[in-house]
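J.: One structure is given below, represented as structure tokens, and several questions about it will come after.
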Amino acid sequence: MEPIGILVVLAIVLVFIIVVAVNSLRVVSPYEKGVIERVGRYQRTAQPGLTLVAPFFDTLRKVDMREQVVDVQPQEVITKDNVVVTVDAIIYYEATDPVKLTYNVADFYSAATKLAQTSLRNVIGETELDEALTSRDMINAKLREVLDDATDKWGVRIVRVEIKRIDPPVDVTEAMHRQMKAERERRAQILESEGLRQARILQAEGEAEAIRRVADAQQYKLEVEAAGQAHAITTVYNAITAANPDDKLIAIQYLEALKTSPKARRPRSSCPSKRRPSSARWAASRASSKTARDRAPIRSLTPIDAQGPGSRSSLGRHSALRSPTFTPRPSARLPSSA
């Protein structure tokens, strides 16, 4: 064989070896796993890194194991209380088994989208509008549970499901706005009434406390004045007792006390017939009457006096004599009968 032919054969063999080496070495990324098929049958699962495969016989399929997102398109859903709402959602999933994901589902993205739409209709259809608007966490949990059970055989785990928006019709939205406005006005009125009630209660409590304190002050004042008067009376009494006064001095002090008493300072009546004499004047008139009776001459009994003490004239006369203001006068003698 000529040297040129040998060189050509060696070159062909070298190229073949290079092609085989290139086809037998595969690199799998850290976030991927490889499914190796040999002549159309599943052979094994390749881990991240450098992997050797049989050239011309083995085929390597790479599966992304990272968490991915499926955007569910908006759709109209009828709630339990027959309200049509527009709902869309987002699904987060990650592959757990690359073999199942490769052989059990042809197009996972499309299958997951359709499954999420049907599950969303079922879950929203079992709830009322108010509950759907206020209980998104409950709807998310139900959707995640349904989708996770359905996609388990596909080798996928549903991480979470989020409802993006729930849009009711325009008329329902306006009605909700009016309801919200009325509810807020009602709460404002309740709060205002509660504030007025609390203010009146506080005002009443303040007035009651003020009245109580005024009453306590008045009571304290009366007690102090009474104690002072009692002390003054005791002091005066002790002084009088220590001085050993006679009856005349006591009478004079009594008359002075009567002059300063409230009854003595009371305004007199304008009618002179109903005016009562003061104590001092009554005592003076009584003394003058006694002096006049002592100085009057003794006279003989008149026929009127001879009638006896039981007669009407005698009673009138004796009653007149007993009056404090009576002044005796000489009476005319009656002519003697023959």
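The values are calculated or read from the model by the stated rules, or taken from the named source; none is laboratory data. This one's a predicted model, so the numbers in the text were calculated from it and none came from an experiment. Cβ sites come from the backbone with ideal geometry, for glycine too, and all protein chains shown count toward neighbours.
J.: Considering only the stretch 166-204, state which residues are acidic (Asp, Glu) and more than 22 Å from the chain's Cα centre (by Cα).
T.: Once the filter is applied, which keeps residues that are acidic (Asp, Glu) and more than 22 Å from the chain's Cα centre (by Cα), the stretch 166-204 yields 167, 171, 174.
J.: Moving on. With among the acidic types (Asp, Glu) and without any contact (Cβ under 8 Å) to a residue 12 or more places away in the chain as the only criterion, which of 64, 107, 97, 88 stands out?
T.: 107
J.: Another question, then. May I ask you to say which residue of 225, 256 is modelled with pLDDT of 90 or more and in a helix (DSSP H, G or I)?
T.: Result of the check over 225, 256: 225.
J.: Could you check, for the stretch 167-176, whether at least one of its residues is surrounded by fewer than 10 Cβ atoms within 10 Å (Cβ to Cβ) and either over 30 Å from residue 104 (Cα atoms) or free of Cβ contacts under 8 Å to residues at least 60 places away in the same chain (or both)?
T.: There is at least one residue in the stretch 167-176 that is surrounded by fewer than 10 Cβ atoms within 10 Å (Cβ to Cβ) and either over 30 Å from residue 104 (Cα atoms) or free of Cβ contacts under 8 Å to residues at least 60 places away in the same chain (or both).
J.: If residue 27 satisfies every condition in (1) farther than 30 Å from residue 103 by Cα; (2) modelled with pLDDT of 85 or more but one, which is the exception?
T.: (1)
J.: Within the stretch 96-105, is there a residue that is of a type in the set (D, E, K, R), modelled with pLDDT of 90 or more and surrounded by 13 or more Cβ atoms within 10 Å (Cβ to Cβ)?
T.: yes
J.: Then there is this: Quick one: which strands (runs of 3 or more DSSP E) sit completely within the stretch 10-68 and have at least 1 residues that are surrounded by 11 or more Cβ atoms within 10 Å (Cβ to Cβ) and of a type in the set (Ser, Thr, Tyr)?
T.: 41-46, 49-52, 58-64
J.: Pick from 199, 182, 204, 208: which is under 30 Å from residue 133 (Cα atoms), free of Cβ contacts under 8 Å to residues at least 40 places away in the same chain and either part of a helix (DSSP H, G or I) or of a type in the set (A, V, I, L, M, F, W, C) (or both)?
T.: 182
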